[in-house]
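Comments concern the structure below.
Throughout, read-outs are computed from the coordinates displayed, never taken from laboratory work. Computed from a predicted structure; not experimentally measured. Reconstructed Cβ throughout: ideal geometry from the backbone, glycine too, with neighbour counts over all protein chains shown.
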């Protein structure tokens, strides 16, 4: 029998954006911005918002999944949501279109993982704002807390404007700007005082 580890979380970052510092040391997350969907004493899970997958659009995805052809947003990019379970799909979306299993994340944001939401998006009846991801970022109990203490991430509140209205290539810098930090002055070397 395996022992289940759980730790007490003092400050959950659920509903926040986790932003990689330049010295993160893990190339999979270089300049990543992650929407944190879950953070509790057992685990943490989030979706990378700013890593579009080259040459994969909603049209391509619906064809691969043998779903109805996209009538709307067919050119919308699909994003690499993280290194865990790369074949598993998630949709971050506005709350104007919720499924019974949709998970609210902060103010006016939600996550769904039902295939039917992709059908709704392709038909033009889904949420007005959305990003479709494959895979996710995950941490076991205590792992994210250790990384936060090491200063490899900073966090700020997730807003619809940051999540949906910012170009992926601008999101990392914009998060720093929203926090009053000029990313150009950040050193890629970690240090301590």
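Of all residues in the range 50-86 being assigned to a strand (DSSP E or B) and in contact with a helix residue (DSSP H, G or I) (Cβ under 7 Å, 6 or more places away or on another chain), which is farthest from residue 133 (Cα to Cα)?
52
Kindly indicate whether any position in the range 154-163 is within 22 Å of residue 40 (Cβ to Cβ), in contact (Cβ under 8 Å) with a residue 24 or more places away in the chain and part of a helix (DSSP H, G or I).
Looking through the range 154-163, at least one residue is within 22 Å of residue 40 (Cβ to Cβ), in contact (Cβ under 8 Å) with a residue 24 or more places away in the chain and part of a helix (DSSP H, G or I).
Restricting attention to the range 87-119, which residues are touching a strand residue (DSSP E or B) at 6+ places or on another chain (Cβ under 9 Å), surrounded by 14 or more Cβ atoms within 10 Å (Cβ to Cβ) and not in a loop (DSSP other than H, G, I, E, B)?
Once the filter is applied, which keeps residues that are touching a strand residue (DSSP E or B) at 6+ places or on another chain (Cβ under 9 Å), surrounded by 14 or more Cβ atoms within 10 Å (Cβ to Cβ) and not in a loop (DSSP other than H, G, I, E, B), the range 87-119 yields 89, 90, 91, 92, 93, 103, 110, 111, 112, 117, 118.
Does residue 145 satisfy the condition of being surrounded by fewer than 18 Cβ atoms within 10 Å (Cβ to Cβ) and farther than 21 Å from residue 112 by Cβ?
It is false that residue 145 is surrounded by fewer than 18 Cβ atoms within 10 Å (Cβ to Cβ) and farther than 21 Å from residue 112 by Cβ.
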